[in-house]
Every structure is written in C-alpha cells, then in structure tokens.
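Engineer: Got a structure for you, written out below as structure tokens; questions coming shortly.
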Amino acid sequence: STERQIDLDYQKRLHEQFNDNYTLYRDFVHINRLTQRQAVNIPLMKETIKTLLAEIDESPDIYFKNLDNNLEAEYVLNEFWLWMTSKIQFEGLDIQDKKNVLLYGRSFTKLNFLDNEFAAEVLDIYDVLVDPKTDPLKLDTARHLEHQNIFRPLREVLANDKYDEKAKKQLSELMFSEKGIALSDANKEALEAKGERLKDLGVEDYEKKLEDMLAGADVVVSLVEHYTHIWNKKKEEFEKYVVVVAQNEIVLFKKPLKDVLGVDFCPFVSWAGDLDVSDFWTDGESDIVRVINKVINAWISQGTENRTLKNWGMRYYDTSKNFDPQTFTPEPWGWYPVPGNPNDIIKDVAIQDLGDTIPEIDFLIRIIEKATATPAGQKGMAEKRQITLGEVQMVVGKAVERVKGLTKFYRRARQEFAEKWYAIVDANVATSKTITLFKTSYKGNVFPKTVSRKDWKSQAGYKVKVTSTSEQEEEKTTGIQKLIAIKQQFPDNLPLQKILQKRLLEIGDLTPEEIKEAQAFEDQKIKQMAAAPIAPPISTPTAIPKRGKLPREALELQRSTRELRELTPAI
C-alpha cells in the first residue's frame with residue numbers, strides 16, 4: 001500500500017547504518033579494494049554494547065496500586081503479574097529490548113492475546129515501519145504502522161479460519177505459480193537472515209522454530225499486519241483497523257482493532273535512549289562507535305598488509321642480463337648465485353612503513369569511552385596512568401550517572417507495557433477462566449490459591465509504579481542513615497526504635513512473614529523487660545576520706561571550725 005511504502009522509505013535511509021552496527025557487533029567485516037583489504041575487526045562495538053548492557057541490565061519492579069483501595073484485589077493482581085511475566089520470560093525480553101536500543105537506537109515490543117493467553121515478543125528492528133509524523137514520545141500518535149516480515153508456511157495460512165476463504169484461494173494459486181515459487185525462495189532467505197539477527201539478540205529458541213518451519217514447509221508466505229485508521233461513517237470518526245496482507249497484494253483479514261483485541265490503542269511499546277524532537281528513528285550508542293570502529297579496522301588492516309608485503313621480500317631484477325632468477329629457499333649460511341654485481345641486477349621493492357598508529361588508535365578509543373560513558377574501569381580494565389581509588393570511583397560514578405539517563409526512557413516504556421498488559425488482559429481473559437497461583441511462606445510451605453478475573457477487577461482501575469532494584473536500595477539506605485542520625489538524638493524513643501528496626505529488616509531482603517516473626521520476637525522481649533521487677537539500689541557506706549585526702553573546701557571548713565573553738569573561751 002501507499003502508507004507502507006511511505007513508512008518503508010522513511011526507515012530505509014537508516015538501513016546502511018543498521019547493517020554496519022550489526023555486522024561490527026557480530027564481528028563480520030566487509031573488505032574492499034581501497035581502505036580495508038584484510039578481514040580484521042577490533043571488537044569495540046561488542047565491548048561498548050556489553051559494558052552498557054551490564055549497567056542497565058536489570059528488569060525493573062512493577063507494582064499495581066488499586067485505586068479502589070481494595071487490598072485483596074491488589075494483592076491478587078500483583079501475584080498474577082508475577083506469574084504472567086515468568087511465563088512469557090519477561091527478563092529475557094527485557095534484555096533483548098535493551099540490546100535493540102543500544103544497537104539501533106530504538107526497540108519495539110508487540111503485545112498480543114493468542115490461544116487464550118497473553119503473549120509478548122521483541123521485534124527485529126527491520127520488521128516495524130512507522131508513520132514519519134509519529135510523536136517520538138508516543139507511538140499511539142502514529143496514523144499507520146506496519147508489522148512486516150511475518151513468515152508463515154502456506155499450509156498454516158490456509159488452515160487459519162479467521163482469514164477470508166476467497167483470499168486464501170487466491171493466495172494458493174499465486175504461491176503455486178512460477179512467480180510464487182520465486183517469492184517463496186526469497187522469503188526463505190529473508191527468514192534465515194532474520195533468524196541470525198534474532199539469535200544474536202538472545203532469542204535462543206528461534207533457531208529451532210526456524211528449522212521446523214523450513215523443514216515442514218515447501219512454501220513460505222510473507223505477511224504484513226497493517227494498523228491504520230479508517231473513517232467510520234456511522235460513528236463519524238476514525239477507527240483503528242487491523243489489515244493482514246499476504247505477499248503485498250492479497251488482503252486476508254480486515255477488522256476493527258476493538259473487535260480483534262478488545263482495545264483501541266496500538267498493541268506495541270517502543271522507546272529510544274536518545275529522543276529527537278523531529279525524527280522518530282533516533283541514534284543509538286552504537287552509532288557513536290561505528291565510524292571510529294571502521295577507521296581503526298582500516299588502520300589495523302593496512303598495517304597488517306604492510307607487514308605482510310615487507311615479509312614477502314619482493315625484488316626487481318634486470319631482464320637485459322639474460323638472468324632468469326629462481327625462488328631461493330632461505331637457509332643458514334646460504335649462497336645464492338647472481339650473474340654479475342647483485343646491486344646492479346637486483347633491487348628490493350620499496351615498501352615504506354606506515355608509522356606507529358597506536359597513539360592515534362588509543363586516542364580514538366578514549367573518544368568512544370567518553371561519548372558512551374564506558375571508561376576503562378567500567379570495562380574491567382586498569383588505567384595506564386597511576387590514579388587513586390577516589391579518582392577511579394569518581395570516574396565510574398560519573399559514567400553511571402550518565403547511563404541512568406538512558407534508564408529514564410526505559411522505565412517509561414515499562415510503565416506503558418504494564419498499563420497495556422492490564423488493559424489487554426482485562427478485555428480478553430474470560431470471566432469463567434481460573435488460574436492457580438502459588439505463594440511460598442518463609443517456612444518453605446507452598447499455599448495454592450485459585451483466582452479468576454473478578455478477584456482482581458477494579459472499577460477505578462490501577463496505577464502502575466515502576467522502580468528499579470538499585471533505586472529502591474539506594475533510597476532505603478539513605479532513609480536508614482537519616483533514621484540512625486535521628487535515633488541518636490532520641491535514644492529512649494521506643495516507637496522510633498521500632499520503625500528503625502522494621503526498615504533494617506526490610507533492606508535485608510526478608511519476606512513479610514520473616515519480618516513479622518522478627519518484630520514479634522522484639523516486641524515479646526520488650527514486654528518481658530518491662531514486666532521484670534526492679535531491684536532496689538544497694539546502699540554502700542560512705543567512705544570517710546583520710547586526713548590529707550580531703551578536698552580543699554573541706555580542709556578550709558575544718559580550719560575555720562578549730563579557730564572558732566579556740567576563740568570561744570576568750571569571749
């Protein structure tokens with residue numbers, strides 16, 4: 001369609017950058033006749049991406065707050081969220097999502113409800129096309145969006161009862177024609193390339209799915225899910241539609257999104273680490289590394305070739321002397337005959353040294369480290385110059401602060417994911433469907449609880465709170481330090497002491513049951529101390545100090561008394 005072509009052209013301008021970033025990360029090198037003739041790659045791209053990923057590779061904690069103040073429903077929904085995220089391997093999706101942003105500048109996660117269950121997948125960057133006028137902060141402002149490169153066996157498409165029967169017949173005729181066979185071969189090649197990219201992103205089970213698909217399918221079909229707005233004459237407003245197109249020409253499915261998924265928002269979550277005001281496709285951290293990595297690769301390649309040519313020992317010789325030299329085999333104390341003066345007949349091929357490029361390479365690497373906030377200490381390497389531990393901590397601390405800027409956008413995406421997850425689940429989970437959740441006590445006992453949709457339903461809805469573990473620990477540690485300082489000013493304040501004890505127990509990763517047991521023990525100990533009888537103080541006779549050991553005031557008093565007694569008879 002016209003919309004899809006517009007979106008494809010908008011993305012195509014970045015395909016060369018995407019390919020370079022990906023190949024450098026995968027250690028693939030494209031050689032050429034001018035700048036890089038040797039297949040040499042310095043793994044700066046992989047080193048930088050892995051360092052940054054280690055700093056932000058932490059799945060955040062998501063909590064749903066019930067706006068009806070229904071604590072029971074709130075508890076059930078949060079336990080259901082934990083069960084659901086474990087089932088869809090949310091931590092793995094989280095890593096893939098971050099790696100996409102670091103490599104390409106943006107990532108997409110698709111949310112769906114298939115076979116009566118919630119599903120989510122991180123998409124290949126080439127698979128999503130977006131309206132050029134989309135607000136970079138909000139994907140739902142896109143007038144149209146396409147999920148392309150959906151490859152399915154023809155037999156699977158024909159067996160789908162949701163697709164139009166007439167359209168399926170047209171597709172079958174197309175794919176079994178001469179044109180269709182060529183299309184199927186092209187689809188298989190594109191499918192294999194996509195499998196390589198997804199495998200590198202950490203989708204470990206995709207290779208097995210790919211093998212099963214190619215082994216069991218003689219014909220592979222390319223589908224496109226087109227999300228667009230179509231004018232509804234009755235409602236007199238635009239309505240979101242889902243249109244499934246096969247091989248860019250046969251419409252298999254066309255329905256309102258509300259009828260398909262029960263929601264009227266775009267079932268995708270997208271985020272970027274370096275937002276731009278006017279361009280939806282923003283730069284990634286890999287774009288900083290790409291050019292410098294290619295320059296260093298060229299220098300190392302040229303230096304390698306230079307040393308190789310010098311090692312070959314190539315020489316010119318004078319053909320007018322009727323001299324046909326043979327290749328000499330080097331050997332100790334070898335003698336090699338030449339008909340005449342060797343200096344007049346033979347001359348070495350001049351191959352000049354390229355010079356030492358190590359300082360320049362080190363300079364370029366430091367530029368990358370500064371631009372991407374990945375200093376040597378953060379990569380696990382020691383600095384060449386001698387610096388103090390305080391300087392190391394300061395450099396790494398500044399780098400961590402810069403990386404935290406990336407996580408701000410990331411947390412917004414996780415909040416949007418949780419909000420859309422709740423809306424999709426609330427709209428599609430049947431009222432009669434039950435789920436058994438399990439809760440483990442601090443003693444190791446497992447308690448099952450069967451819940452249904454009504455157990456977490458809320459009239460006012462839920463508010464999503466997203467926090468990272470490191471932020472929580474930092475806030476708790478700072479709060480405890482303040483409490484300890486306050487407690488020193490009020491040493492006998494029992495309520496303040498109990499609050500401090502509770503905070504200390506919470507930071508120790510104890511379960512609520514364990515915290516409750518520890519607090520009960522402290523309360524019992526305080527009661528026992530309060531009930532214990534108070535022993536009377538033991539009186540001890542006051543020792544009479546020896547003469548000469550009295551304080552000065554006492555000695556003055558004794559002298560005054562003696563003088564008074566001596567004067568009394570005279571009076």
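Engineer: Work through the residues other than V245 whose Cβ is under 12 Å from its Cβ and net out their charges, Lys, Arg +1 and Asp, Glu -1.
Structural biologist: -3
Engineer: Give me the distance in nm between label points sitting 7 Å out from Cα along the Cα-to-Cβ direction at E305 and T23, one decimal.
Structural biologist: Once both label points are built, they end up 1.6 nm from each other.
Engineer: Taking the Cα centre as origin and putting +1 on Lys and Arg beta-carbons and -1 on Asp and Glu beta-carbons, what dipole magnitude results for the range 92-148, to the nearest 20 debye?
Structural biologist: Approximately 320 debye in magnitude.
Engineer: Straight-line reach from K439: which lysines have a Cα under 19 Å away, not including same-chain ones fewer than 8 places off?
Structural biologist: Cα-Cα hits under 19 Å: K87, K449, K516.
Engineer: Quote the FRET efficiency, to the nearest 0.05, computed for K516 versus D140 with a Förster distance R0 of 41 Å and r equal to the Cβ-Cβ distance.
Structural biologist: It comes to 0.40.
Engineer: Take the cross-link list K194/K294; K98/K179; K138/K235 and give me the ones stretching past 30 Å between alpha-carbons.
Structural biologist: Distance filter (> 30 Å) returns K98/K179.
Engineer: Over 18 Å between C-alpha atoms is what I'm after, so list which of K255/K420; K258/K420; K46/K188; K433/K454 land there. The partial results should precede the final answer.
Structural biologist: On the way: K255/K420 20 Å; K258/K420 14 Å; K46/K188 28 Å; K433/K454 10 Å.
From the list (K255/K420; K258/K420; K46/K188; K433/K454), the Cα-Cα distance tops 18 Å for K255/K420; K46/K188.
Engineer: What is the range 213-367 by shape, rounded, prolate or oblate, if you read a ≥ b ≥ c off the alpha carbon gyration tensor as root eigenvalues and call it rounded for a/c under 1.5, prolate for a/b larger than b/c, and oblate otherwise?
Structural biologist: Cα axes put the range 213-367 in the prolate bin.
Engineer: Okay, moving on. So who's got an amide H within less than 5 Å of the one on Y163, skipping anything under 5 residues away but keeping other chains? H placed 1.01 Å off N, in plane.
Structural biologist: none
Engineer: Give the peptides 281-288, 254-261 in descending order of average Cβ contacts within 10 Å, highest first.
Structural biologist: Top to bottom by mean Cβ count within 10 Å: 281-288, 254-261.
Engineer: Can you sort T141, T51 by 1.4 Å-probe accessible area, starting with the largest?
Structural biologist: On the way: T141 60, T51 15 Å².
Putting T141, T51 in descending order of accessible area: T141, T51.
Engineer: Okay, next question. Within 10 Å, count the other beta carbons around each residue, average over each peptide in 513-519, 59-65, and list them highest first.
Structural biologist: Descending packing order for the listed peptides: 59-65, 513-519.
Engineer: Please compute the modelled spin-label separation between L53 and R315, points set 7 Å along Cα→Cβ, answer in nm with one decimal.
Structural biologist: Result for the modelled spin labels: 5.3 nm.
Engineer: On to the next question. Under 15 Å from the 7 Å Cα→Cβ point of I6, by amide nitrogen: which residues of the range 215-253?
Structural biologist: Zone members listed by number: 227-231.
Engineer: Still on this structure: At what distance in angstrom do the alpha carbon centres of the range 291-326 and the range 128-171 lie from each other?
Structural biologist: 54
Engineer: For I300, what charge total do you get from the other residues with a beta carbon under 12 Å from its beta carbon, if Lys and Arg give +1 and Asp and Glu give -1?
Structural biologist: +1
Engineer: Could you order the peptides 433-440, 226-233, 298-305 from most to least packed, using the average number of other C-beta atoms within 10 Å per residue?
Structural biologist: Listed from highest to lowest mean packing, they are 298-305, 226-233, 433-440.
Engineer: Take the Cβ-Cβ distance between E16 and F328 as r, set R0 to 56 Å, and report the resulting FRET efficiency rounded to the nearest 0.05.
Structural biologist: With a Förster radius of 56 Å, E is 0.70.
Engineer: Considering only protein heavy atoms, with the full assembly of protein chains and a 1.4 angstrom probe, order D94, D140, D353 by accessible area, largest first.
Structural biologist: D353, D140, D94
The values are calculated or read from the model by the stated rules, or taken from the named source; none is laboratory data. This structure is a prediction, so every number in the text was calculated from the model and none was measured. Ideal geometry is used to build each Cβ from the backbone, glycine not excepted, and the neighbour counts take in all protein chains shown. Remember, those area values only see protein heavy atoms, side chains included, never the ligands or the DNA or RNA. Shrake-Rupley method; radii C 1.70, N 1.55, O 1.52, S 1.80 Å.
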